[in-house]
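J.: Okay, here's the structure, questions in a sec.
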Amino acid sequence: MRSPHLIRYWFTAVECRGIGVTAVSSDEALELIHSNSYIMSLKPVLNDYIENIDVQTLDRDHVIPNMGVCTERGIWFPNVS
């Protein structure tokens, strides 16, 4: 059986730099965000998201050097692993 195709999502949010998640769908990405106690403690107000984000377009000074693995299912920014 083939594994599902994973998609990188970048959620823009009020009062934080953003949230990076790799998941099968945007609904699954939101579930991962809402089930993470650290992220929910930040009380992010999600505005919108970019599907299939090219991580090289993200903040080179903060996001890229501090992100986790974006090729595996899960939250990669902030790096909560």
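J.: I'm trying to understand the selection: among the residues of region 8-27, which are surrounded by fewer than 17 Cβ atoms within 10 Å (Cβ to Cβ) and at pLDDT 90 or above?
T.: The answer is T12, V24, S25, S26, D27.
J.: Could you please find all residues in region 61-72 being of a type in the set (S, T, N, Q) and touching a residue at least 24 places away in the same chain (Cβ under 8 Å)?
T.: T71 - this is the single residue of region 61-72 that is of a type in the set (S, T, N, Q) and touching a residue at least 24 places away in the same chain (Cβ under 8 Å).
J.: May I ask you to say which residue of T71, T57, T22 is of a type in the set (V, I, T) and more than 12 Å from the chain's Cα centre (by Cα)?
T.: Checking each option against the conditions leaves just T57.
J.: Here's another thing I want to ask about it. Looking at L58, L32, L46, L42, which one is of a type outside the set (S, T, Y), farther than 15 Å from T12 by Cα, in contact (Cβ under 8 Å) with a residue 12 or more places away in the chain and surrounded by 11 or more Cβ atoms within 10 Å (Cβ to Cβ)?
T.: None of the other options fit; the residue is L32.
The values are calculated or read from the model by the stated rules, or taken from the named source; none is laboratory data. Model, not experiment: these values are computed from the prediction. Heads up, the Cβs are rebuilt from the backbone with ideal geometry, glycines too, and the neighbour counts pull from every protein chain shown.
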